[in-house]
1. Extent of segment 99-208 along each principal axis, from alpha carbon coordinates, in Å, largest to smallest?
2. Report the convex hull volume per residue for the chain, counting only C-alpha atoms, in Å³.
3. In percent, how large is the relative contact order of the chain, given Cα pairs closer than 8 Å and 6 or more residues apart?
4. Leaving ligands, DNA and RNA out of it, report the carbon-plus-sulfur percent of the accessible area of segment 1-43 at a 1.4 Å probe.
5. Based on the alpha carbons, how large is the Rg to Rh ratio for segment 75-164 when Rh follows Kirkwood?
6. I'd like to check one number: the per residue accessible area of segment 150-236, probe 1.4 Å, reported in Å² as a whole number.
7. How large a share of the accessible area of segment 53-108, in percent, is made up of carbon and sulfur atoms when the probe is 1.4 Å and the other protein chains stay in place?
8. Over all directions, what mean area does the Cα convex hull of segment 192-322 project, stated in square nanometres?
Amino acid sequence: MKSPLLSLPGAVPAEGVDEGVAAHYGDLFREQRALADGTGFVDLSHRGVIAVTGDDRLSWLHLLLTQHVSDLPAGEATEALVLSANGHIEHALYLVDDGTTVWAHVEPGTQGALIAYLESMKFFYRVEVEDRTESHAVVYLPAGSIVAADGAVVRETPYGRDLFLPRERLEEFAAAAGPAAGLLAYEALRVERHRPRLGFETDHRTIPHELGWIGSAVHLQKGCYRGQETVARVQNLGKPPRRLVFLHLDGSEVHLPAPGTELRVAEAAGEPEGRKIGFITTSARHHELGPVALALVKRNVPVDAPLLAGDTAAAQEVVVAP
């Protein structure tokens, strides 16, 4: 859905999966600094919005998701995954219950497939699942923001507040909550916080352990759900084949290595140069750290090994322990 906030001064449209909202409004670093200081907002109105109502909504979702939500208190934010039977990540949900409804926002365009799965699992449970993407827009307020969230469902996290705002109020809200910051600023801060994103840090074979989603999105002491066998086996008997890392990139390079860029061990690591050991998942320009990235690498790559992302030198910072 194309956001009306693309009409704001300086708005440059985002591309790819984030099409429909602004990549930036003319000054990437100013926008990042504003968010880091607790001011401004980010238009996330292209994200899918799902609402689950009914007396059984929490107990039912508890059976399907990786997170413990059967006793989720009203107003408490959490996140959860839907896994395949083999334990691979299929969906990521960012949830809050307002006392009568569970609200979740998901990656753009994924809500249809997620709703189809949820509908197939309703059976005799007293629940209703609705796509609220056309009626509600997601807006992000950074931690420390004092902007009022009147009339919105609020999902409050250590990183800020996600608002489920009636879509017709989006322009009114923007006028009161500015300055606007774009997706590039939001993504740069996400990378700094080492937070994975579905479809960016994941591929068809990603399991939760590789990205550090154990605990934050996967509860290890809850009952059965699809894919739990893989989660338990890796947790108790082994290690994931890959691990998420944070990379500091050579700042002298003009271009950022694109997602999918191969990572190789540099010759200085004492191993043959050219061996592919992973790939870039997200890269960004940070207002303080310079060029940075998230990447997936083979678990056994030494944590101090210097790497090359294409032709760009990269130094690792551990996110998921080997």
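The values are calculated or read from the model by the stated rules, or taken from the named source; none is laboratory data. This is a predicted model, so every value here is computed, not measured. Here the Cβ positions follow ideal geometry from the backbone for every residue, glycine too, while neighbour counts run over all protein chains shown. Ligands, DNA and RNA are excluded from the accessible area calculation, which covers all protein heavy atoms including side chains. Shrake-Rupley method; radii C 1.70, N 1.55, O 1.52, S 1.80 Å.
1. Dimensions of segment 99-208 along the principal axes of its Cα atoms: 45, 34, 22 Å.
2. Working: hull volume 40.7 nm³, N = 322.
Expressed per residue, the convex hull around the Cα atoms of the chain is 126 Å³.
3. Details: 721 pairs, mean separation 59.3, N = 322.
Result for the chain is 18 percent.
4. On the way: 1160 of 2100 Å².
About 55 percent, which is the carbon plus sulfur part of the accessible surface.
5. Working: Rg = 14.3 Å, Rh = 14.5 Å.
Rg divided by Rh gives 0.99.
6. On the way: 3810 Å² over 87 residues.
On a per-residue basis, 44 Å².
7. Details: 800 of 1750 Å².
Here it works out to 46 percent.
8. Numbers: hull surface 34.1 nm².
Answer in nm², one decimal: 8.5.
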